[in-house]
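Structure, as C-alpha cells:
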Amino acid sequence: MKIKTRDICLCAMFSALIAVGAFIKIPIPVCPITLQTLFVMMAGLLLGAKKGALSVLIYIVIGLIGIPVFTQGGGIGYVMVPTFGYIIGFAFGAFVIGLIAWKEERPKFLRLFAAGLAGLAVVYAFGLSYYYLISNYIADGSGIGLLSLFYYCFLLVIPGDLLSCAAAALLARRLIPVLRRMEDK
C-alpha cells in the first residue's frame with residue numbers, strides 16, 4: 001500500500017477525531033455512548049478499508065503507549081478494561097466499512113448506510129464478546145450476565161450508533177466525490 005502525504009494527513013486527522021470522540025460522551029452505566037463510532041465510520045467510508053483501519057490502529061497504538069486518548073485513560077493496562085473490545089472492533093469495523101463502501105465509484109446512501117451497519121455489527125461482536133470475557137473471567141470477579149450485557153452494552157447504545165451510521169452515510173455521500181477529485185490531481 002503506497003501512502004501519499006495527503007493520506008498520512010487524513011489518517012492522522014481521523015486518529016485525532018477518534019480520540020476527541022472518546023471525550024464527547026453520554027455517561028451511562030457500564031458502557032458510555034461516545035462519538036468515536038461516528039469517526040470510525042467516517043474513516044472507513046472516506047479513506048477506504050486499509051487507510052481507515054490504519055487510522056484506527058494509530059489511535060490504538062497512541063492510547064496503548066500511555067497517552068490518555070481512550071474514554072478512561074490510556075496505557076498498556078487498558079487492555080484489561082472490558083470496553084477495550086470495542087476499540088479493537090473499531091479497526092476491523094473500519095476495514096469492513098471501507099471494503100463495502102468502496103466497491104462503487106459513487107456509492108449511494110443505502111450502500112454507505114449498509115457499510116456502516118456491517119461495520120457496526122463487527123464492532124459490537126468484538127465489544128460484547130470482549131466485555132463478557134474480561135468481566136467474567138479475568139477482572140476482579142464482578143462479572144456481568146448476558147441479559148445485563150445485552151441491555152447496557154447493546155440496547156442502550158445502539159440508537160445513538162444507528163444515528164451515527166445515518167449521519168456518516170449522509171456526510172460521506174457528499175465528501176467521497178470531493179476526496180476522489182482531490183486524489184486525481
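Nothing in this text is a laboratory measurement; each read-out follows from the coordinates by a stated rule. For clarity, every value in this text was computed on a predicted model and none was experimentally measured. Don't worry about glycine lacking a Cβ; one is built from the backbone with ideal geometry, like all the others, and counts go over all protein chains shown.
Odds and ends about this structure:
- Shown here: Kirkwood radius over Cα pairs in Å, derived from the displayed model; of the candidates (i) 17.0; (ii) 21.8; (iii) 16.5, it corresponds to (iii).
- Crossing angle, helix 109-133 versus the chain [Cα axis fit, 0-90 degrees, rounded to tens]: 30 degrees
- Cα-Cα over 18 Å, subset of K4/K103; K25/K108; K51/K103; K25/K50; K50/K103; K25/K51: K4/K103; K25/K108; K25/K50; K25/K51
- By average C-beta atoms within 10 angstrom, highest first, the peptides 103-115, 9-21: 9-21, 103-115
- Taken about its Cα centre, the chain carries a charge dipole of about 820 debye when Lys and Arg each add +1 at the Cβ and Asp and Glu each add -1 at the Cβ.
- Length-normalised contact order for segment 76-125 - Cα pairs under 8 Å, 6+ apart - percent: 48 percent
- Loop-located trypsin sites (Lys or Arg not before Pro) in segment 7-64 (DSSP state not H, G, I, E or B) with no more than 10 neighbouring Cβ atoms inside 10 Å do not occur.
- Across the options L156, L64, G74, the greatest Cα extent toward the positive end of the charge dipole of segment 58-172 (unit charges at beta carbon of Lys, Arg, Asp, Glu) belongs to L156.
- Packing, taken as the mean count of other beta carbons within 10 Å per residue, orders the peptides 91-100, 71-80, 116-125 from highest to lowest as 91-100, 116-125, 71-80.
- Note on V20 and F109: their simple-model spin labels are 2.6 nm apart, each label 7 Å out from Cα toward Cβ.
- Label-point separation in nm, A125 to F92, each point 7 Å along Cα→Cβ: 0.6 nm
- Packing rank of 83-90, 154-161, where each peptide gets the mean count of other beta carbons within 10 Å, highest leading: 83-90, 154-161
- Rel. contact order, % - alpha carbon contacts under 8 angstrom, at least six apart, segment 26-185: 28 percent
- Legend: calculated FRET efficiency, I138 to K2, from the Cβ-Cβ distance at R0 = 41 Å, rounded to 0.05, equals 0.55.
- Rounded to 10°, Cα long-axis angle of helix 49-64 versus longest principal axis of the chain: 40 degrees
- Part-to-part distance (alpha-carbon centres) for segment 1-22 and segment 155-185, which is given in Å: 15 Å
- The chain: angle of helix 158-184 to the longest principal axis, Cα-based, in degrees nearest 10: 30 degrees
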